[in-house]
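Some notes on the structure that comes next.
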Amino acid sequence: MTRLRRDPRTERAAARTSGAERPRYDLALKAAPSRRPRRDPRAEAAAQRVPAAARLRLDRSQFGAATVVATHVPERQTDKASPKPIIVENPDFLVLVVPDMAGGRLGEHDRQLFGAARELAGKTGATLALVGASSADLGPAGADRVAVVARDPDAYDPDARAAEVVAAMRALDPKHVLFPESADGGDLARRVSVLTGEPLFTEAEQVSASALGRPARCRKVEQRSVPTRLISVAADSVASYSGAPREARNEQVDLASGPAKTAGAIVSATRIPADPATVPLALADFVVSAGNGVTDLDMFRQVVAALGATPGASRVLCDAGLMPRAAQVGASGTVLGASCYFALGIAGAPQHLQGVADCEHIVAVNTDLHAAMIARAGLGIIQDAQLVMPAILEELERERRETGT
Amino acid sequence: MRIAVLLSAGRHPVSGKPTLPRTEAQAIRMAAGLGAATGLHVGPDAFPAEAALGHGLDYAAHIACAAGSDPVGPLAARIVSDAPDIVLAGRRGQGGDETGLVPYAVAARLGVPIVPDAVAMRPATDGLVEIDQALPKGVLRRLVVRTPVVVTVHPAAPPPLPFAFGKARRGSIERIAAAPTDLAAGAPPPEERPYRKRPKMMRAAGGSAADRLKAVTGEATAGGAKVLDHQTPEDAAKEVLAFLRRVGVLAPASAAGPGRRPAASEDASRHATS
Ligand SMILES: Cc1cc2nc3c(=O)[nH]c(=O)nc-3n(C[C@H](O)[C@H](O)[C@H](O)COP(=O)(O)OP(=O)(O)OC[C@H]3O[C@@H](n4cnc5c(N)ncnc54)[C@H](O)[C@@H]3O)c2cc1C
């Protein structure tokens with residue numbers, strides 16, 4: 001257990017008495033106790049005292065018998081009530097942002113896109129997000145206005161989306177339009193560029209109000225230009241917005257003025273999930289990983305197959321030749337892009353945790369309550385992995401029997 | 001099915017020597033599995049057409065034009081006269097501006113749809129073609145598209161056929177002089193300076209070393225952990241499965257069979273005309 005570090009400033013702030021005009025402090029107020037149970041040596045000694053002895057005799061094997069448990073730990077006063085949002089009432093110009101929002105949520109790339117948009121908008125401009133469904137994250141990410149366009153989230157019709165963006169451009173006349181340089185975002189940007197006939201500044205790596213920069217000729221040169229109207233922003237090169245949340249005011253946009261709808265050439269579109277058994281580890285969405293705490297690897301492989309996951313391992317198992325090197329997760333193995341990670345018998349060394357830094361949901365099974373992997377996990381289970389694995393298989397089997405398939 | 005493969009004058013990223021970009025060589029292989037393929041290059045130099053022959057084409061057309069002129073016009077004119085069912089192109093150029101805009105401009109000029117990032121293609125019934133499109137995280141989107149169509153090829157497509165010198169010698173190249181086009185149409189070339197490598201953006205990291213370590217291992221975002229101690233393995237297994245279902249990586253118990261969620265269908269048929 002780590003000891004809490006004292007923060008004199010917050011302690012002083014907590015002792016401040018309200019009402020007085022000048023700052024006044026009630027310094028007699030007790031400092032917040034640490035979370036560690038406090039030992040009471042006298043009570044311990046009394047408990048260790050061997051009765052019926054003429055002289056004072058202590059039975060030291062009775063250690064901790066009378067440890068006094070910590071006094072009540074008050075909730076820490078981190079009053080993080082959301083600060084007032086920044087409002088741009090009459091913006092000089094608009095920056096239209098077209099995030100991907102895969103699965104209806106803002107990804108890291110989308111946040112960086114808003115960071116770039118805020119950079120271009122400055123103090124006087126406003127960013128406007130053109131999204132399929134509103135999200136509470138848009139304001140903190142840096143959106144001043146939000147325009148929701150009703151569209152089927154599952155349908156694939158890029159031409160219709162491009163027409164939507166062009167219609168929004170005609171209705172709002174934004175100074176800049178920003179797209180993420182991702183699979184679908186980059187495609188949309190190019191479609192909008194040819195529809196409007198305006199040049200597109202692709203894969204911008206530097207974005208500021210005065211200049212854009214992008215690599216060209218196999219990263220031998222850097223092309224710079226004043227900010228153009230259409231920009232696509234490369235991943236991981238622009239910082240996401242970190243200021244106070246923005247207003248994210250809902251705005252109605254009339255999309256009737258868009259270009260005429262062309263006949264769709266796409267007859268059908270089906271999403272085919274990646275095959276977890278063959279997908280490269282870096283691309284896998286759900287990884288189940290074994291560490292030194294797992295001895296029965298056949299059982300582990302059965303669990304992986306039953307859960308429909310991609311197998312991973314810690315370095316110890318790969319070094320021992322029990323798992324292929326390609327399965328190693330971590331700094332010297334593969335850095336995962338998975339959304340869920342299930343660690344069985346892994347201690348969670350920093351080198352290993354670097355590989356799972358981007359994973360949103362982590363489940364860990366470990367016999368050690370204080371393992372770093374348990375601290376990092378969203379669900380930590382203190383149990384023997386060798387017993388949990390067959391239990392999972394059995395539970396899945398039971399469910400299959402019950403549903404009768 | 002007749003296929004035209006657009007060929008560009010690429011540069012090798014390390015040596016700077018002229019090469020055919022890899023995605024275009026992959027496009028040639030993809031085209032070979034579909035039908036009769038021809039190459040098409042617009043530019044001052046015939047090199048890409050020659051390289052394409054070595055990678056598996058029998059015939060390529062080279063439309064000579066001045067360096068720096070816009071290739072879209074001559075490409076579109078030639079495609080209109082050839083009328084192929086499918087036009088294949090690379091995803092991005094290599095060694096030039098690398099904007100990836102040319103296939104889109106060609107498609108717009110021809111008035112045909114464009115499908116980006118193909119990894120596999122199969123002919124379907126009358127005038128339809130089935131295209132597998134690569135999405136992030138190894139997911140595919142299977143599209144059935146009406147021809148004619150412009151398709152760009154993703155780097156995850158099957159690797160190109162090796163270059164064969166004999167094949168390059170046997171193939172034929174038709175050389176055509178292009179009508180002089182408007183040089184440097186559009187915007188003036190942007191200002192260029194030597195590339196300077198910049199550090200990649202990292203997750204928001206604080207000042208101290210401990211904060212940076214937390215940021216890099218993801219501990220900064222972790223929180224609200226639920227730790228279950230003293231549970232039977234059976235209860236633990238139930239908890240794990242419930243958690244996995246809640247985050248959506250495991251199919252609900254009622255769904256048939258183990259494993260993944262069922263494939264989400266993105267039926268776009270209502271957008272199609274009949
Ligand atoms: C330069 C360098 C680079 C490295 N790169 C990587 C890397 O990329 N990837 C990587 O993984 N490691 C890497 N390492 C190694 C890393 O430091 C650790 O040694 C390694 O991750 C530990 O693996 P582990 O957690 O499986 O094993 P251990 O540290 O042995 O941990 C085993 C865990 O399993 C638990 N356990 C034991 N028995 C059971 C049981 N029956 N049920 C449940 N839990 C049980 C234990 O409590 C313990 O927490 C690197 C090291 C160095 C020096």
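The values are calculated or read from the model by the stated rules, or taken from the named source; none is laboratory data. As the structure is a computational prediction, the values presented were derived from the model and not from experiment. Glycine also receives a Cβ, built like all others from the backbone with ideal geometry; neighbour counts cover every protein chain displayed. Side chains included, ligands, DNA and RNA excluded: accessible areas come from the protein's heavy atoms. Shrake-Rupley method; radii C 1.70, N 1.55, O 1.52, S 1.80 Å.
Side notes on the structure shown:
- In this simple spin-label approximation, A:Glu399 and B:Ala83 carry label points 7 Å from Cα along the Cα→Cβ vector, and these lie 5.6 nm apart.
- Helix axis angle, A:183-196 relative to chain A longest principal axis, alpha carbon, degrees: 20
- Shielding by other protein chains, A:347-358, mean Cβ within 10 Å: 3
- Note on surface exposure: A:Ile87, B:Ile63 rank A:Ile87, B:Ile63 by accessible area, highest first, 1.4 Å probe.
- Prolate/oblate/rounded label for the range B:78-120 (Cα gyration tensor, a/c 1.5): prolate
- Using the 1.4 Å probe convention, the accessible area of the protein assembly as shown works out to 51 Å² per residue with neighbouring protein chains retained.
- With a threshold of 29 Å on the Cα-Cα distance, the over-threshold entries among B:Lys200/B:Lys238; B:Lys137/B:Lys214; B:Lys17/B:Lys137; B:Lys17/B:Lys197; B:Lys17/B:Lys167 are B:Lys200/B:Lys238; B:Lys17/B:Lys137.
- Near the amide H of A:Ala204, within less than 5 Å, lie the amide hydrogens of A:Ser232, A:Val233, A:Ala234, all on another chain or at least 5 residues away, with H placed in the peptide plane.
- Where labels lie 7 Å past Cα in the beta-carbon direction, separation of A:Ser134 and A:Asp154 in nm: 2.5
- For the protein assembly as shown: span of alpha carbons on each principal axis (Å, largest first): 117, 69, 51
- Hydrodynamic radius (Kirkwood) for chain A, which is based on Cα pairs only, to one decimal in Å: 26.4
- Once the Cβ-Cβ distance of A:Asp173 and B:Asp211 is raised to the sixth power relative to R0 = 45 Å, the FRET efficiency obtained is 0.55.
- When the protein assembly as shown is described by a simple charge dipole with +1 on each Lys and Arg Cβ and -1 on each Asp and Glu Cβ, the residue from B:Ala242, B:Leu20, B:Leu228 located farthest towards its positive end is B:Leu228.
- Spin-label pair A:Leu58-A:Asp40: with each label point 7 Å from Cα along the Cα-Cβ axis, the two points sit 1.6 nm from one another.
- Shape category assigned to the range A:356-405 from the gyration tensor of Cα positions, a/c cut at 1.5: oblate
- Counting protein heavy atoms only, the range B:64-191 has 61 percent of its accessible area on carbon and sulfur, 1.4 angstrom probe.
- Protein heavy-atom accessible area occluded, B/A pair - total, 1.4 Å probe, Å²: 8200
- Over 19 Å [Cα-Cα, the range A:265-379], rounded percent: 41
- Karplus-derived 3J(HN,Hα), 6.51/-1.76/1.60, for each residue of the range A:280-291, Hz, glycine and proline x: x, 3, 5, 9, 5, 9, 9, 10, 10, 10, 10, x
- Between A:Asp92 and A:Ala256, the contour length at 0.36 nm per residue exceeds the Cα-Cα span by 56.6 nm.
- Across the protein chains, with a 1.4 Å probe defining accessible surface, the residues A:Thr295, A:Thr124 rank A:Thr295, A:Thr124 from largest area downward.
- Under the shape rule built on the C-alpha gyration tensor, where the axes satisfy a ≥ b ≥ c, the range B:87-156 is oblate, since a/c reaches at least 1.5 while a/b does not exceed b/c.
- Each Lys or Arg adds one and each Asp or Glu takes one away; over the other residues whose Cβ falls under 14 Å from the Cβ of A:Arg24, this sums to +1.
- In the assembled protein chains, B:Tyr195 presents an accessible area of approximately 50 Å² (probe radius 1.4 Å).
- Computed from Cα atoms alone, the Kirkwood hydrodynamic radius reported for the range B:7-110 is 13.8 Å.
- Net charge dipole size for the protein assembly as shown [Lys, Arg +1 and Asp, Glu -1 on Cβ; Debye, nearest 20]: 2340
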